[in-house]
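Encoded as structure tokens, the structure appears first; notes follow it.
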């Protein structure tokens, strides 16, 4: 393909991605009220935890409710829903330059990237955002301060956290993609992993909505795990190129042994030390 043909193909893929976003936006509009109730739920829970009455968000602009509930929120939802389709368009643009055996990774690439993005959004919503918001709103309590959160400020913070964590969870896909293009090697990443971990903690300190160490660790630890997951995926790709196989039998045995050990520790904690499982973080309380 010539340079102009590449540009034409890129334009086609961008248009198709935008069409997918438009379709998802139209579908999201029909559930705008339900989506808003879902989005503002962490704020309501945080305000109730801090015993703020009434536990509601504040609208200070006549157009604020319309702009957020009927435009910005459906756009955000459309981005999450259409993300696998957007990733497919990216892959369709890049795949002609890859070897035939490397194109077989298309379906796992699309499924994993979309799944990780959604997983990052769920992690941000159910763990990071809830506890970070409670911490932020509770800082001024006791100092003649009552939290009054506007819709705009809350939604902006919500979008930053959701999209930020969703993009961060794409780290394994980025590492795999760079390995696929032979830009990096898993061995190089392992040898310099200490620098990667340092960068991860710096990113966590920037992305986290609160300045405390606990909430920063909520970001950093999953990012470190995702980094090594990406390195492992790249290692599997290298083995496939070299016609070698990974010792899945030994690996599964080790994983099962570790899970059994953790299950034993959990059983002892519940039966001997009277811990209880709860459906929220930290999932185990005394």
For this session: Those residues that are within 21 Å of the chain's Cα centre (by Cα) and farther than 14 Å from residue 65 by Cα, I need them from region 12-41; list them, please.
Result: 17, 20, 21, 24, 25, 28, 38, 41
Exercise. Taking residue 85, is it crowded, with 17+ Cβ neighbours inside 10 Å, free of Cβ contacts under 8 Å to residues at least 60 places away in the same chain and either touching a helix residue (DSSP H, G or I) at 6+ places or on another chain (Cβ under 6 Å) or under 30 Å from residue 241 (Cα atoms) (or both)?
Worked result: no
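Being closer than 19 Å to residue 133 by Cβ, assigned to a helix (DSSP H, G or I) and in the same structural domain as residue 137 (by TED's automatic domain parsing) narrows it down to one of 44, 75, so name that one.
The unique qualifying residue is 44.
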Exercise. Which ones in region 58-72 are free of Cβ contacts under 8 Å to residues at least 24 places away in the same chain and part of a loop (DSSP other than H, G, I, E, B)?
Worked result: 62, 63
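Please pick out the residue among 60, 68, 19 that is modelled with pLDDT of 85 or more, more than 30 Å from residue 145 (Cβ to Cβ) and either surrounded by fewer than 18 Cβ atoms within 10 Å (Cβ to Cβ) or in the same structural domain as residue 121 (by TED's automatic domain parsing) (or both).
Every option except 19 fails the conditions.
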Exercise. Which ones in region 47-57 are in contact (Cβ under 8 Å) with a residue 60 or more places away in the chain and assigned to a helix (DSSP H, G or I)?
Worked result: 47, 49
Exercise. Restricted to region 161-172, and to residues that are at pLDDT below 85 and crowded, with 20+ Cβ neighbours inside 10 Å, which residue is farthest from residue 84 (Cα to Cα)?
Worked result: 161
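The values are calculated or read from the model by the stated rules, or taken from the named source; none is laboratory data. No experiment lies behind these values; they were computed from the predicted model shown. Backbone-built Cβ (ideal geometry, glycine too); neighbour counts: all protein chains shown.
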